[in-house]
Amino acid sequence: MASNYSRKSASSGSRRQPARTRGASGRGRTARPAPGARPQSRSGPQAGAYRAMPGGQLPNRRAGQAQRPLTSVRVGDLDRAERAVRAQRTYRRHLIRIGIAAACAVALLAGGIALYYSDAFSIERVSVQGVEHLTASEMEQLAGVPAGTTLLRVDADAIRSRLLMDAWVQDVSANRVFPDTLEIVVTERTITAVVDVSTENASSTQAWAIASDGMWLMPIPAQDSEAGRNTSPKVYEDAASALHIADVPYGVEPKVGSYCGDANVNNALAIVDGMTTDLAGRVTTVKATETESTTLVLDNGVEIVFGAAKDIRDKERVCLEIMEQHPDVVYINVRIVESPTWRAL
C-alpha cells in the first residue's frame, strides 16, 4: 500500500514543463549579453521588411523600387519661398485693383463724352451783372453765346475775350450756374473826364468820354439824336458830373478802345487823380492847352495855374491856404510852389 501511494502516475508527470537546455558548461543558466550590446528581438528583423509605425504601417514598397534619398532644406530657403508666395499674392491683388480702376476710368470717360455731346444742361438764360453803360443788345452781340449750346460745351474763355475787346469792359468772368444759366459778371470802366476834341476842320469839337487809365471809351453823341437814343442813359448821367477837359490842342485823334497818347490830356488826368484834399471835388474844368500852363477851374470860378503834375500835395496845400486867407481871390499860380502868386478882386 505504501509503495503504491508514493508512485507517480504518468498523467502527473506530463504536466511538468521540460527542463531548460543546459549550456556547454553544464550549468542551467542562460548566457548574459555582453555589456553595450543591443538585445535582439526574439523574432529577429528580416531584410526588406518595414518596421511597425505608430498609427499604422507604410505601404509595401514595390519590388525593385529604389528608396528615395533624404534631403535637407535650410530655414532661410523656407523664408524666401514664403516671401515669394506673399509677393506673388500682393502682385496679383495689385493687378486686380489696377484693372478695376482702369475699368472705372474707361466707364467714366465714356459717360463724360456721351454727356458732353448730349443736350443736357442747355443754356436757357444768360445773366449779366455789373453793366451800366452797355445796353442789353450790345452785351448780347458782344457775348455771342451760340444758340442751342450747353453749359458743358460753351466756350467761356472765348466769351471773355470778346467782351474784353469793348472799351467799357475792364474785367469780366463767365460762370456756369447749373442746370441752365450762364452768368456774366462785368467790371466796367467809369467816365473820369469828358474831353473836348477838335474835329478835322477845327470848326467844332466832339465830346469824348475817357477813363481814369487814359482809355478812350466812346464819343458822346447828342442825347436827342438817333445815336443818343440808342446810348445808355447812364453815359449822360456820368458825363454831366465828370471832369471837363477843354482847350485841347488840335491834332488829338482819339479812338475807341485805345489809350490816350496826348501829353496835355494825360497831365490833366494825372493832376486830378493825384489830388487828395477837398480841392479835387471842386475842380470842374481843366484847360489842357499845354503841360506847363495847365489850368484848373473851380466851381466858384477861381482859376489855378497848376502846371505839371508834380508836387501835387504841396500845390494843393498852398492853394487852400491862399483861398482861406483871401476869400476874394480869383486867380492863383502855383507852377512854382515855392513862390506862388495870386490875384484878388
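Where a number appears in this text, it was derived from the coordinates with a stated rule and is not lab data. Fair warning: this is a prediction, and the values are worked out from it, not measured in the lab. Positions of Cβ are generated from backbone atoms using ideal geometry, with glycine treated the same way; all protein chains shown enter the neighbour counts.
For the pair the range 256-293 / the range 140-180, the C-alpha centres are spaced 35 Å from each other. The fraction of Cα-Cα pairs per 10 angstrom bin, counted from 0 for the range 193-344, comes to 11, 39, 31, 15, 4, 0 percent, rounded to whole percents. Put in line by how crowded their Cβ is, counting other Cβ atoms within 10 Å and starting with the fewest, K287, K234, K310, K315 read K310, K234, K287, K315. If R0 is 45 Å, the Cβ-Cβ spacing of A344 and A227 corresponds to a FRET efficiency of close to 0.50. The gain in end-to-end length when the Q325 to A81 segment is fully stretched comes to 77.4 nm, 0.36 nm per residue minus the alpha carbon separation.
Scanning residues 5 or more positions from V330 or on other chains, those with amide H under 5 Å from its amide H are R343, A344, L345, with H placed 1.01 Å from N in the peptide plane. By the count of neighbouring beta-carbon atoms within 10 Å, fewest first, T294, T277 end up ordered T277, T294. The distance between label points at T277 and T190 comes to 2.3 nm (points 7 Å beyond Cα on the Cα→Cβ vector).
Between E292 and N175, the contour length at 0.36 nm per residue exceeds the Cα-Cα span by 37.3 nm. Phi angles across the range 139-145 convert, under the Karplus curve 6.51 cos²θ - 1.76 cosθ + 1.60 with θ = phi - 60°, into 3J(HN,Hα) values of 5, 5, 5, 5, 5, x, 6 Hz, Gly and Pro given as x. Sorted fewest first by neighbouring Cβ atoms within 10 angstrom, C104, C260 come out as C104, C260. With each label modelled as a point 7 angstrom along the Cα→C-beta vector, the A114-T90 pair spans 3.9 nm. Here the spin labels are modelled as points 7 Å beyond Cα on the Cα-Cβ line, and at A102 and A202 they lie 8.1 nm apart. Excluding residues on the same chain fewer than 8 positions from K310, give the aspartates and glutamates whose Cα lies under 16 Å from its Cα. Straight-line reach from K310, under 16 Å: D273, E290, E292, E338. Applying both filters, DSSP loop and at most 13 other Cβ atoms within 10 Å, to the chymotrypsin sites (Phe, Trp or Tyr not before Pro) of the range 85-158 gives Y117. A simple rule links phi to the HN-Hα coupling: the Karplus curve 6.51 cos²θ - 1.76 cosθ + 1.60 with θ = phi - 60°, which for the range 303-316 gives 9, 10, 7, 8, x, 6, 7, 9, 6, 4, 5, 5, 5, 4 Hz, with x for Gly and Pro. Straight-distance candidates among the aspartates and glutamates for linking to K234, with alpha-carbon spacing under 13 Å and chain neighbours fewer than 8 residues away dropped: E132, E188.
Rounded to the nearest 20 debye, the dipole magnitude of the range 125-188 is 260 debye, with +1 charges on Lys and Arg beta carbons, -1 on Asp and Glu beta carbons, and the Cα centre as origin.
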